[in-house]
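The values are calculated or read from the model by the stated rules, or taken from the named source; none is laboratory data. Note that the coordinates shown come from a computational prediction; the quantities given were computed from them, not determined experimentally. Heads up, the Cβs are rebuilt from the backbone with ideal geometry, glycines too, and the neighbour counts pull from every protein chain shown.
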């Protein structure tokens, strides 16, 4: 939810509470005022009717000619029965020609030895209209404030928050490895100006650290490879000389294997660092059939050495938007993994359809949980010389490019599904 939306909802809640509270107070105040007015009206009319009935010969027909009064004598009653009670009734109003609400006060009164039952009618329609007016006024006021608030929020979102949205857009398209400075728009709002200043400082620091780390990674990779290459060359010369006793030969061969593994490890870690830094951004739409066939050509001899049969089912329409070098690394690592962990006389099947690539190979079950197969340095116990980084690189490439890769073991086959 956007900040402007949250602010609007908060303001609406506050306004609703204020107007509801004010309306409630106003309604009660008006209602109390109305009740007092009605009581005063009853007292006034009661005083007048009692004064009229106190005359020696009151004319009841004249009194009853008024629609708001009704007086009847109770000849069989010697003392008042009803003290006083009020009730609301709906009666036909001769003046308006409509049925309206009236409040009726009925009481008995003994005057000059005679008992009268008196009913006084007061029209409540005006008071009801006043109450309805108060409620409608509160509702209309809330709606008016709602419209004003929405209008102000729209204007503030469109104009006041415009520099902030521009800043977000610049951050969204910023990449530290593109060597393009981030350009933040100038603004007269102090908070946005402070935000832009902090972002500029942060970006400068990130670029500085990134350059240092990248330079360190490149340097260490280069500096490690040079002495390793010298060591391997010297060791190869010694191993090929033929004048070394068997015990020393085995020791030198172990050193040679370790330096070879160390060289591969250095190159692999450097590659992972470059992938993490997203240095491969030359993306293009690649036809998977042609690309996969080229990769398979590089593994043809290795497959023949292990007598592994490769079966392909490649859809000519399937394409993938990715950097070609990363796709080469991804497919090469998957195929190398399928060959390395395969039986002699085993089988590899590769199927490519739009939005999915599947590589399956025969092989032994994993010695660890399947969900750990993409972890760094995770490898089967029967392959101690493996670096355990190939599938970790595959997973990293997939994560950076929005691809989904899964693994499962079924019917003595490892299945890798790549969804894109």
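Would you call residue 53 over 42 Å from the mean Cα position of the chain (by Cα) and closer than 14 Å to residue 109 by Cβ? The answer is yes for residue 53. Remark: residue 199 falls outside the filter, which requires a residue to be more than 30 Å from residue 391 (Cα to Cα), more than 50 Å from the chain's Cα centre (by Cα) and surrounded by 15 or more Cβ atoms within 10 Å (Cβ to Cβ). Can you confirm whether region 53-66 contains a residue that is surrounded by 13 or more Cβ atoms within 10 Å (Cβ to Cβ), touching a residue at least 24 places away in the same chain (Cβ under 8 Å) and closer than 19 Å to residue 38 by Cβ? Scanning region 53-66 turns up no residue that is surrounded by 13 or more Cβ atoms within 10 Å (Cβ to Cβ), touching a residue at least 24 places away in the same chain (Cβ under 8 Å) and closer than 19 Å to residue 38 by Cβ. If you go through region 159-182 and pick out every residue that is surrounded by 11 or more Cβ atoms within 10 Å (Cβ to Cβ), closer than 22 Å to residue 12 by Cβ and free of Cβ contacts under 8 Å to residues at least 24 places away in the same chain, you end up with 0. Each residue in region 268-288 was checked for being loosely packed, with under 15 Cβ neighbours inside 10 Å and assigned to a helix (DSSP H, G or I), and 1 of them qualify. Filtering region 206-258 to residues that are surrounded by 15 or more Cβ atoms within 10 Å (Cβ to Cβ) and not in a helix (DSSP H, G or I) leaves only 244.
Scanning region 122-136 for residues that are assigned to a strand (DSSP E or B) and out of contact with any helix residue (DSSP H, G or I) (no Cβ under 9 Å at 6 or more places or on another chain) turns up just one, 123.
Taken as a whole, region 295-311 holds no residue that is part of a helix (DSSP H, G or I), at pLDDT 85 or above and assigned by TED's automatic domain parsing to the domain that holds residue 213. Among the residues making up region 24-52, a single one is free of Cβ contacts under 8 Å to residues at least 12 places away in the same chain and surrounded by 15 or more Cβ atoms within 10 Å (Cβ to Cβ): 52.
Restricting attention to region 101-126, the residues that are within 58 Å of the chain's Cα centre (by Cα) and more than 18 Å from residue 44 (Cα to Cα) total 3.
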